[in-house]
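Reviewing the structure listed below.
The values are calculated or read from the model by the stated rules, or taken from the named source; none is laboratory data. Here the structure is a predicted model, which is why all the values come from computation and not from measurement. Cβ sites come from the backbone with ideal geometry, for glycine too, and all protein chains shown count toward neighbours.
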Amino acid sequence: MNIKKMTTDRQIHACFDVMVQLRPHLRRDTFVASVRRQEKNGYQIVAALEAGRVCGVAGYRVFECLSRGRNLYVDDLVTDVVLRSRGIGQAMLHWLAAEALRQRCRHLSLDSGVQRFGAHRFYLREGMCILAHHFVRELVPEEMAADRAAAQTVKRKRAVKTTR
Ligand SMILES: CC(C)(COP(=O)(O)OP(=O)(O)OC[C@H]1O[C@@H](n2cnc3c(N)ncnc32)[C@H](O)[C@@H]1OP(=O)(O)O)[C@@H](O)C(=O)NCCC(=O)NCCS
């Protein structure tokens with residue numbers, strides 16, 4: 001197995017079938033363009049390949065911040081569902097750690113959904129530790145908020161009618 005950066009449209013497109021297992025909202029027809037947009041902020045995709053077949057993919061960025069200095073952040077990491085528990089995830093994580101050192105980073109970091117217990121076991125086994133809680137708030141533009149409020153009012157009125 002070898003791990004390499006996927007740089008051409010064709011190579012990036014070849015990552016879709018595995019990446020969509022982690023990010024099911026992605027669309028095949030817009031995937032490459034979306035990766036190309038993110039590349040402007042330093043995003044890159046690497047794939048674990050066996051005889052040309054994509055077995056696993058990872059997306060990452062290197063950036064500097066005040067809290068951690070130079071940091072390699074893993075946006076996405078996924079192994080093809082039929083090839084899990086064979087060491088592919090571990091190999092990709094080792095590659096990412098080596099890449100972080102090559103790029104003078106002192107930390108490798110990532111967020112993992114609270115429901116991904118299997119992945120948490122994997123990261124803890126790989127020597128990572130849980131250092132933070134990740135807080136998110138959805139931001140709604142004003143006009144959408146107004147639409148939502150109007151829809152809620154209609155719903156409430158309907159509910160009142162039906163409970164009478
Ligand atoms: C997490 C993930 C990338 C690990 O890849 P992998 O190729 O299976 O990794 P390895 O073979 O090196 O290690 C597997 C170990 O991870 C843990 N693990 C990860 N996911 C697991 C799951 N769903 N169920 C059980 N164990 C899991 C186990 O400890 C397992 O060890 P074992 O095979 O001895 O039981 C892979 O499970 C995956 O793609 N999961 C779904 C997507 C995901 O959650 N990605 C992480 C996003 S933050």
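In table form, for the structure just shown:
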{"quantity": "Residues satisfying the stated conditions in segment 56-72, i.e. more than 11 Å from the ligand (Cβ to nearest atom), hydrophobic (A, V, I, L, M, F, W, C) and either surrounded by 20 or more Cβ atoms within 10 Å (Cβ to Cβ) or over 17 Å from residue 5 (Cα atoms) (or both)", "calculated": "63, 65, 66, 72"}
{"quantity": "Within segment 1-57, considering residues that are in contact with a Cys (Cβ under 9 Å, 6 or more places away or on another chain) and touching a residue at least 60 places away in the same chain (Cβ under 8 Å), the one nearest to residue 118 (Cα to Cα)", "calculated": "18"}
{"quantity": "Which numbered condition residue 75 misses (of (1) within 15 Å of the ligand (Cβ to nearest atom); (2) in a helix (DSSP H, G or I); (3) surrounded by 15 or more Cβ atoms within 10 Å (Cβ to Cβ))", "calculated": "(2)"}
{"quantity": "Residue 4, sole failed condition from (1) of a type outside the set (Phe, Trp, Tyr); (2) in a strand (DSSP E or B); (3) surrounded by 13 or more Cβ atoms within 10 Å (Cβ to Cβ)", "calculated": "(3)"}
{"quantity": "Extreme residue, nearest to the ligand (Cβ to nearest atom), among residues of segment 1-55 that are farther than 16 Å from residue 79 by Cβ and of a type in the set (Asp, Glu)", "calculated": "39"}
{"quantity": "Residue ranges of helices (runs of 4 or more DSSP H) in segment 83-164 with at least 1 members out of contact with any helix residue (DSSP H, G or I) (no Cβ under 7 Å at 6 or more places or on another chain) and within 16 Å of the ligand (Cβ to nearest atom)", "calculated": "88-102, 117-125"}
{"quantity": "Segment 27-45, residues that are hydrophobic (A, V, I, L, M, F, W, C) and surrounded by 14 or more Cβ atoms within 10 Å (Cβ to Cβ)", "calculated": "31, 32, 35, 45"}
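Conditions (1) modelled with pLDDT under 95; (2) β-branched (Val, Ile, Thr); (3) out of contact with any helix residue (DSSP H, G or I) (no Cβ under 8 Å at 6 or more places or on another chain); (4) over 19 Å from residue 109 (Cα atoms), marked per residue:
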residue: 11; (1), (2), (3), (4): no, no, yes, yes
residue: 37; (1), (2), (3), (4): no, no, yes, yes
residue: 43; (1), (2), (3), (4): no, no, no, no
residue: 58; (1), (2), (3), (4): no, no, no, no
residue: 64; (1), (2), (3), (4): no, no, yes, no
residue: 74; (1), (2), (3), (4): no, yes, no, no
residue: 79; (1), (2), (3), (4): no, yes, no, no
